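A.B. asks: Could you have a look at this structure, given as structure tokens, before my questions?
Here, each number is a calculation from the coordinates, and none is a lab measurement. No experiment lies behind these values; they were computed from the predicted model shown. Don't worry about glycine lacking a Cβ; one is built from the backbone with ideal geometry, like all the others, and counts go over all protein chains shown.
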Amino acid sequence: MPEAVIVEAVRTPIGRGKAIVGDLNGFHATELLALSIKEVIRRTGIKYEDVGQLIGGCVTQAGEQSGNVTRNAFLSIGGTYAPGASTVDTQCGSAQQANHMISAFINNSSFDIGIACGVESMSRVTMGANVFIYLSKSDYPSDIAATGVSLLFIGGLVGKIIAGVLAEKIGHKRVLLTGLALMSIGSISLVYAVAMNNSLAVWIGLAFFGFGWGGIYTLIQLLTADLFGLLAMGKTLACINILDAFGGAMGPIVTGALYDKTGSYLTSFSIFSVLLLISVVAASLIRMADAVGMPESASHD
């Protein structure tokens with residue numbers, strides 16, 4: 001079986017993420033990513049047609065970063081339409097997920113050469129702009145939309161910190177269940193907010209959802225090591241990331257199709273709430289005592 005190796009890595013300079021005065025503000029997000037892709041191809045000496053797949057990470061896929069920014073960046077430098085290209089969002093681990101996915105494809109002989117990359121032009125597309133756009137288009141005032149975005153990311157930050165502390169005290173499974181439960185409460189609150197046009201429910205829902213979401217992302221790698229062991233961690237994480245990317249890609253497509261038919265996000269949020277409740281039930285069935293990566297005595301669950 002082939003073994004994936006990293007041949008070359010490049011990045012753009014780190015600049016201030018400020019609109020107008022930001023050091024890289026003059027670069028369109030597509031152009032910024034294209035610079036790195038073009039340089040890594042130049043350094044390795046390969047041709048555009050040698051690339052089998054490009055996968056890029058991008059959290060806020062709105063505005064300039066929407067419409068599969070990875071493919072647009074590759075085409076903008078003269079790349080061909082032959083290789084597949086996709087853009088994934090797993091929040092702060094988006095580009096890392098892209099690396100895992102490219103590695104998994106190569107290890108499975110899907111292609112020989114792939115490029116993993118990522119872009120986040122916060123000077124031009126602010127973090128959380130996609131949430132702000134949704135709230136604004138749902139007739140919420142801009143101040144409510146901005147507050148909702150802040151609550152989502154503040155909740156995510158606090159959730160990551162608290163989940164990391166609690167994981168070693170009460171057990172990984174219990175923290176996972178707590179995170180999923182909080183996300184379920186947040187999602188149900190958003191359903192109520194859309195149905196009743198209640199701005200307070202939007203804030204409550206985003207705060208709960210962000211708190212739970214932050215905690216879950218902290219635990220993914222820990223639980224993978226617990227349940228499957230370190231030897232299988234790479235392959236298992238690759239499978240998890242691929243499934244995560246598939247869900248992340250299908251979510252906006254299904255949501256957009258349902259919105260076009262119903263004229264509301266109520267159906268989409270309702271379906272998401274049901275899926276979260278199912279995930280709570282599924283997570284409750286995990287038997288930490290049988291985990292191969294940790295002794296039974298070390299499990300709090």
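A.B. asks: Using alpha-carbon pairs under 8 Å, 6+ residues apart, how would you state the relative contact order of the stretch 17-86 in percent? Mind dumping the intermediate values first?
C.D. replies: On the way: 70 pairs, mean separation 26.4, N = 70.
It comes to 38 percent, rounded to a whole number.
A.B. asks: Hey, got a sec? Which GluC sites (Glu not before Pro) in the stretch 1-102 land in a DSSP loop and have at most 16 other Cβ atoms within 10 Å?
C.D. replies: GLU3, GLU8
A.B. asks: Treating the beta-carbon of each Lys and Arg as +1 and of each Asp and Glu as -1, no other charges, what is the dipole magnitude of the stretch 29-118 about its Cα centre, to the nearest 20 debye?
C.D. replies: It works out to roughly 140 debye.
A.B. asks: How long is the gain from ILE220 to ILE271 if the chain were fully straight, where each residue apart is worth 0.36 nm and the alpha carbon distance is subtracted?
C.D. replies: Full-extension gain reported as 16.0 nm.
A.B. asks: Please check which bits of the stretch 194-228 a label hung off ARG287 would reach, taking the label as a point 7 Å along Cα-to-C-beta and the cut-off as backbone N under 17 Å.
C.D. replies: Counting backbone N atoms under 17 Å from the label point, the list is 226-228.
A.B. asks: Moving on to the next point. Please give the contour-minus-distance gain from THR262 to VAL7: 0.36 nm per residue of separation, less the Cα-Cα distance, rounded to one decimal in nm.
C.D. replies: Result: 87.0 nm gained on full extension.
A.B. asks: Could you please rank ILE77, ILE55, placing first whichever residue has the fewest other Cβ atoms within 10 Å of its Cβ?
C.D. replies: So the residues, fewest neighbours to most, are ILE77, ILE55.
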